[in-house]
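What follows is a single structure, written as structure tokens, with notes after it.
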Amino acid sequence: MRSQREPQQHQQPSVLLLPLPLQGPINCFLKLAHLLSLSSDHLNITFLNAAFVHQRLPDLPSRFPRVKFSLFSDGISGDDPRPPAKFASMVSFYEAEVIRSLPEFLKSPAPATCLIADGVFTAVGERAMELGIPVVYFSTLSPCCIWASCFFVPKLFDSGEVPFKKGKDLNEPISDIPGVEGTALRWCDLPGICRTQDITNPYIQLVLEECRKLPKAQGHILNTFDDLEGTLLDKLRSLCPNLYTIGPVHLHSRTRQPESEQRVTSNSLWQEDRSCITWLDAQPSESVIFVSFGSVVPLTMDQLIEFWYGLVNSGTRFLWVRRPDSLVGIEDSEDSSLQVPTELLKGTRDRGFIVKWVPQEEVLAHGAVGGFLTHSGWNSTLESIVEGVPMLCWPNGIDQLVISRFVGDVWKIGIDMKDICDRVVIEVMVRDLMEGRRNEFSQRANRLSKSAAQAVREGGSSWLALHRLIEDIKFMRFEVPNDT
């Protein structure tokens, strides 16, 4: 027997959106807010936003006139850095702030009837269900990682197989993960938390809690499309039956607008340098490899130099995003202060362009870009798939280790270069991506690109999933279990 909070007569449905305050999740949730506001005039939407995010995106209220924004602190002052080391404490503080405010969202005139939260916020989800608010998780990680995390990773920790024993061959295939048979998944491909040496780390415990509690929600939104991960999604439904596969959300959001208004809208938390578009305009078709390791991944100076030599020695044109905060232990990342070898500076002047941040969707859609050297974040991967751009994957952690294996071994639209940072290997693999295997990768990538476009068109799988989600929210079909 299940119960749900009795709605007031003629109550208009009201949804709360709660993203993790990082670049990738914020972008996904804003795209979802756009989709919801475009698709229904009878839906109140409140976006629970971090104050520092709102400060960096001051135009949100004007861009989303039908969305109300409610601001919360993440416990870090102003615009101070938010490095990965602060992630667990930031989430804990932010989550507590939201939990304290949840009862306020039950008050008139528009009491909350549904919470859509990032999957990491399981404590908020539990409190919401205690208050009678149904919960749908929008896990912005890749479904292939969610599957491995929910079905396999907790068992590894419980059995003591993690931390990995000294001398364990991480390239050895894993044979007993149900649902991913035939993918040749190896131990080194498992989600990043499996590489920990300290299982008491607050971040590790946070992710494990998420893995164990995700299935308790009334629904799960996934940023994917059925043709990309159909078989795996069928298995995932055995754990989380009510899936809404509405992706790729950035493409879905764009195509729901009238054709005359379709354009890329930036939700970037960093200032974008558009000079890169002018540089790309002057390059031959599909001649440039775009290089970006996302908004969080750090690099050591040694890694920077290895990548730099690999790119220059490959002879390939390259556009490289280097965030000012990306170098570990180095405050001034300007090339003039790094004592960069002369041959690297010359090679960059001849064939390269380095910027601090770019409009990534626009860059990947540019005709001059023929490949993407990426950290394999899920947003970046989907953006590359949508544009049919093959990938060279250098994953850092989280879900990226699983994604890179799927890119190389399952979808076969690129090369998995995990755990390698050697200038010779990088040079060879860049050439392989841009020249040697270019045609085979591009053909497969273009097929997936067409499938993604079909999924978000009217009547496509993602279009239908979004329609079902909106109908379920509007008619308050979600029910809260009695045992919450």
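The values are calculated or read from the model by the stated rules, or taken from the named source; none is laboratory data. Note that the structure is predicted; figures quoted are calculated from it, not measured. Quick reminder, even Gly has a Cβ in these numbers, built from the backbone with ideal geometry, and neighbours come from all protein chains shown.
For the stretch 209-232, what are the residues that are part of a helix (DSSP H, G or I) and either modelled with pLDDT of 90 or more or among the hydroxyl-bearing types (Ser, Thr, Tyr) (or both)? Lay out the reasoning, then the answer.
First, pick out the residues of the stretch 209-232 that are part of a helix (DSSP H, G or I): 209-216, 226-232.
Within the stretch 209-232, Asp226, Asp227, Leu228, Thr231 qualify.
State all residues of the stretch 23-37 that are under 13 Å from Leu469 (Cβ atoms) and out of contact with any strand residue (DSSP E or B) (no Cβ under 6 Å at 6 or more places or on another chain); if no residue qualifies, say none.
Leu32, Leu35
Here is a yes/no grid of residues against (1) among the hydroxyl-bearing types (Ser, Thr, Tyr); (2) buried (at least 21 other Cβ atoms within 10 Å of the Cβ); (3) modelled with pLDDT under 90:
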site: Arg5; (1), (2), (3): no, no, yes
site: His54; (1), (2), (3): no, no, no
site: Ala88; (1), (2), (3): no, no, yes
site: Ser101; (1), (2), (3): yes, no, no
site: Cys114; (1), (2), (3): no, yes, no
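Checking the conditions here, which among Val386, Val410, Val369 is under 17 Å from the mean Cα position of the chain (by Cα) and not assigned by TED's automatic domain parsing to the domain that holds Ser14?
Within the list Val386, Val410, Val369, the selection yields Val386.
Give Gly459, Gly436 a once-over and let me know the one that is outside the structural domain of Gln283 (by TED's automatic domain parsing) and free of Cβ contacts under 8 Å to residues at least 40 places away in the same chain. Working first, answer last.
Numbers: Gly436 fails: outside the structural domain of Gln283 (by TED's automatic domain parsing).
Checking each option against the conditions leaves just Gly459.
Check whether at least one residue in the stretch 380-393 is charged (D, E, K, R) and either modelled with pLDDT under 95 or surrounded by 18 or more Cβ atoms within 10 Å (Cβ to Cβ) (or both), and report yes or no. Give the derivation first.
Keep residues of the stretch 380-393 that are charged (D, E, K, R), which gives 383, 387.
This time we only want the ones that are either modelled with pLDDT under 95 or surrounded by 18 or more Cβ atoms within 10 Å (Cβ to Cβ) (or both), so: 383, 387.
Yes, the stretch 380-393 contains a residue that is charged (D, E, K, R) and either modelled with pLDDT under 95 or surrounded by 18 or more Cβ atoms within 10 Å (Cβ to Cβ) (or both).
Could you list, in sequence order, the residues of the stretch 57-67 that are assigned to a helix (DSSP H, G or I) and surrounded by fewer than 17 Cβ atoms within 10 Å (Cβ to Cβ)? Write out each step before concluding.
Taking the stretch 57-67 as the starting set, the residues that turn out to be assigned to a helix (DSSP H, G or I) are 60-63.
Those that are assigned to a helix (DSSP H, G or I) and surrounded by fewer than 17 Cβ atoms within 10 Å (Cβ to Cβ): Pro61, Ser62, Arg63.
In the stretch 151-167, what count of residues is obtained for those that are over 13 Å from Cys194 (Cα atoms) and surrounded by 12 or more Cβ atoms within 10 Å (Cβ to Cβ)? Give the steps one after another, and end with the answer.
As a first pass, look at the stretch 151-167 and keep what is over 13 Å from Cys194 (Cα atoms): 151, 166-167.
Among the residues that remain, those that are also surrounded by 12 or more Cβ atoms within 10 Å (Cβ to Cβ) are: 151.
Total satisfying the criteria: 1.
Please go through the stretch 136-153 and give me each residue that is part of a helix (DSSP H, G or I) and free of Cβ contacts under 8 Å to residues at least 60 places away in the same chain, ordered by number. Let's see the steps before the verdict.
Taking the stretch 136-153 as the starting set, the residues that turn out to be part of a helix (DSSP H, G or I) are 143-151, 153.
Matches in the stretch 136-153: Val153 only.
Taking the condition of being surrounded by fewer than 16 Cβ atoms within 10 Å (Cβ to Cβ) and among the β-branched types (Val, Ile, Thr), how many residues in the stretch 116-134 meet it?
Adding up the residues that qualify gives 0.
Just to be sure before I move on: is Ser462 small (Gly, Ala, Ser), under 24 Å from the mean Cα position of the chain (by Cα), modelled with pLDDT of 95 or more and farther than 28 Å from Leu208 by Cβ in the structure I sent?
On the way: small (Gly, Ala, Ser): yes; under 24 Å from the mean Cα position of the chain (by Cα): yes; modelled with pLDDT of 95 or more: yes; farther than 28 Å from Leu208 by Cβ: yes.
Yes: the conditions hold for Ser462.
Quick one: how many residues across the stretch 430-484 are in contact with a Lys or Arg (Cβ under 7 Å, 6 or more places away or on another chain) and more than 28 Å from Lys216 (Cα to Cα)?
1
Would you check if Gly125 is in contact with a strand residue (DSSP E or B) (Cβ under 8 Å, 6 or more places away or on another chain), among the small types (Gly, Ala, Ser), in contact (Cβ under 8 Å) with a residue 40 or more places away in the chain and assigned to a loop (DSSP other than H, G, I, E, B)? Full working, then the answer.
Details: in contact with a strand residue (DSSP E or B) (Cβ under 8 Å, 6 or more places away or on another chain): yes; among the small types (Gly, Ala, Ser): yes; in contact (Cβ under 8 Å) with a residue 40 or more places away in the chain: yes; assigned to a loop (DSSP other than H, G, I, E, B): no.
So Gly125 does not fit the description; no.
Using the structure shown, decide if Ser92 is of a type in the set (S, T, N, Q) and either crowded, with 19+ Cβ neighbours inside 10 Å or part of a helix (DSSP H, G or I) (or both).
Details: of a type in the set (S, T, N, Q): yes; either crowded, with 19+ Cβ neighbours inside 10 Å or part of a helix (DSSP H, G or I) (or both): yes.
For Ser92, the condition - of a type in the set (S, T, N, Q) and either crowded, with 19+ Cβ neighbours inside 10 Å or part of a helix (DSSP H, G or I) (or both) - is met.
List the number of the failed condition for Thr224; all other conditions in (1) within 16 Å of the chain's Cα centre (by Cα); (2) on the phi > 0 side of the Ramachandran plot hold.
(2)
I need the full set of residues from the stretch 394-420 which are surrounded by fewer than 19 Cβ atoms within 10 Å (Cβ to Cβ) and without any contact (Cβ under 8 Å) to a residue 40 or more places away in the chain, in order please.
Lys412, Ile420
Among the numbered criteria (1) surrounded by fewer than 22 Cβ atoms within 10 Å (Cβ to Cβ); (2) part of a loop (DSSP other than H, G, I, E, B), which single criterion is violated by Ile204?
Result: Ile204 passes all but (2).
Let's see how each residue does on (1) of a type in the set (Gly, Ala, Ser); (2) more than 22 Å from Val297 (Cβ to Cβ):
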residue: Val425; (1), (2): no, no
residue: Ser461; (1), (2): yes, yes
residue: Leu464; (1), (2): no, yes
residue: Glu479; (1), (2): no, yes
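From the list Glu210, Glu229, which one is under 20 Å from the mean Cα position of the chain (by Cα), closer than 21 Å to Leu156 by Cα, of a type in the set (Asp, Glu) and in the same structural domain as Ile133 (by TED's automatic domain parsing)? Quick ask: steps written out before the conclusion?
Working: Glu229 fails: closer than 21 Å to Leu156 by Cα.
None of the other options fit; the residue is Glu210.
Here are some residues: Ile398, Ile385, Ile415. Which one is in a loop (DSSP other than H, G, I, E, B) and farther than 17 Å from Leu319 by Cβ?
Values: Ile385 fails: in a loop (DSSP other than H, G, I, E, B); Ile415 fails: in a loop (DSSP other than H, G, I, E, B).
None of the other options fit; the residue is Ile398.
Restricting attention to the stretch 287-301, does a residue exist that is of a type in the set (A, V, I, L, M, F, W, C), assigned to a loop (DSSP other than H, G, I, E, B) and more than 21 Å from the chain's Cα centre (by Cα)? Steps first, answer last, please.
Filtering the stretch 287-301 down to residues of a type in the set (A, V, I, L, M, F, W, C) leaves 288-291, 293, 296-297, 299, 301.
Remaining after also requiring assigned to a loop (DSSP other than H, G, I, E, B): 293, 296-297.
Subsequent filtering for residues that are more than 21 Å from the chain's Cα centre (by Cα) retains none.
Within the stretch 287-301, not a single residue is of a type in the set (A, V, I, L, M, F, W, C), assigned to a loop (DSSP other than H, G, I, E, B) and more than 21 Å from the chain's Cα centre (by Cα).
Identify, from the list Arg431, Arg423, Arg351, the residue that is surrounded by fewer than 24 Cβ atoms within 10 Å (Cβ to Cβ), touching a Gly at 6+ places or on another chain (Cβ under 6 Å) and modelled with pLDDT of 95 or more.
After ruling out the rest, the residue left standing is Arg423.
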